[in-house]
1. Check region 132-152 and report whether any residue there is over 17 Å from the mean Cα position of the chain (by Cα) and more than 27 Å from residue 25 (Cβ to Cβ).
2. Restricting the search to region 153-162, which residues are surrounded by 13 or more Cβ atoms within 10 Å (Cβ to Cβ), part of a helix (DSSP H, G or I) and in contact (Cβ under 8 Å) with a residue 40 or more places away in the chain?
3. Can you tell me which residues in region 43-62 are open to solvent by 80 Å² or more (accessible area, probe 1.4 Å) and in a loop (DSSP other than H, G, I, E, B)?
4. Run down 165, 145, 122, 129 and say which single residue is at negative phi and in a loop (DSSP other than H, G, I, E, B).
5. Given the criteria open to solvent by less than 60 Å² (accessible area, probe 1.4 Å), under 23 Å from residue 151 (Cβ atoms) and either in contact with a helix residue (DSSP H, G or I) (Cβ under 6 Å, 6 or more places away or on another chain) or modelled with pLDDT of 90 or more (or both), does residue 75 qualify?
6. Give me the pairs, please: first residue somewhere in region 164-177 and closer than 13 Å to residue 96 by Cβ, second residue anywhere and open to solvent by 60 Å² or more (accessible area, probe 1.4 Å) and at pLDDT 90 or above, beta-carbon distance under 7 Å, and either six or more positions apart or on two chains.
7. Given the conditions (1) touching a residue at least 24 places away in the same chain (Cβ under 8 Å); (2) open to solvent by less than 80 Å² (accessible area, probe 1.4 Å); (3) at negative phi, and given that residue 6 satisfies all but one, which numbered condition is not satisfied?
8. Could you tell me whether any residue of region 78-86 is in contact with an Asp or Glu (Cβ under 9 Å, 6 or more places away or on another chain), closer than 25 Å to residue 30 by Cβ and among the aliphatic types (A, V, I, L, M)?
Amino acid sequence: MGPHATNLQQAKLVERSNTLRRRIDAWIEIQHLYIPQLASIRATVDQEGGGKPLAVHDIELHLPSMIHSVVHCDIILLQYEWDLRYAQGHSTLNDLRGLLLMESMMFKSKGRHSRGQRQQTRSINLLKRVRTRIQATASKYRQIRTSLQALATPLLQFKWCDILRVLEDDDMATLTSLDNDTSEGRKKLKWIWTVEGTGADADKCSQSGTLRRYLFVFC
């Protein structure tokens, strides 16, 4: 919240923080049943911190991807997090594609309709907000992929790297980059536009769906 937040906004934030803390506390109790070693680890951390309560966003969840090399985790717990992270990876990529489509559409609209300093300034600010969301979504995807990397070796998962690939900054180019003067034979979509599905056909790449969407939005 900003420095001018109202009392109502502050009260809602405290309420949500307390609700989240209760959920995390309940989850930690269940987690200690399946990974008892974590109880002593958390107790040691509390002692080193002087027993001061942590802010809810600073509480370490100690998910299997983070601790399996330090404490024993049942293989089924690793599999559960793998399934979650794998689905999250595809969902986050889908969100990223949606934001990139939005940014491309806004660039097109700005070029066609924005006239005058006021409209130009408003368009630029909106584009900055969308780009901030794109960067945040990219950061989320990279964190998810880091967790998948930690889980891949004990679970003997190897093919996923060809589907959920390393995300570079160049991969987040807007679709308007296809409108430049490059010859048709040299224009190529980034890999994030060619990955489809999360099931048995996940490794089958197709550009047709993305191209149809691009043509629908911009033509």
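1. Looking through region 132-152, at least one residue is over 17 Å from the mean Cα position of the chain (by Cα) and more than 27 Å from residue 25 (Cβ to Cβ).
2. Result: 154, 155, 160.
3. Answer for region 43-62, where residues must be open to solvent by 80 Å² or more (accessible area, probe 1.4 Å) and in a loop (DSSP other than H, G, I, E, B): 52, 53, 54, 60.
4. 165
5. No: the conditions fail for residue 75.
6. Hits for this filter: 167/142.
7. (1)
8. Scanning region 78-86 turns up no residue that is in contact with an Asp or Glu (Cβ under 9 Å, 6 or more places away or on another chain), closer than 25 Å to residue 30 by Cβ and among the aliphatic types (A, V, I, L, M).
The values are calculated or read from the model by the stated rules, or taken from the named source; none is laboratory data. It should be emphasised that the depicted structure is a prediction, and the values quoted were computed from it without experimental measurement. Because the Cβ atoms are built from the backbone with ideal geometry, glycine has one as well, and the counts that use them run over all protein chains shown. The area values use the complete protein model at the heavy-atom level, side chains included, leaving out ligands, DNA and RNA. Shrake-Rupley method; radii C 1.70, N 1.55, O 1.52, S 1.80 Å.
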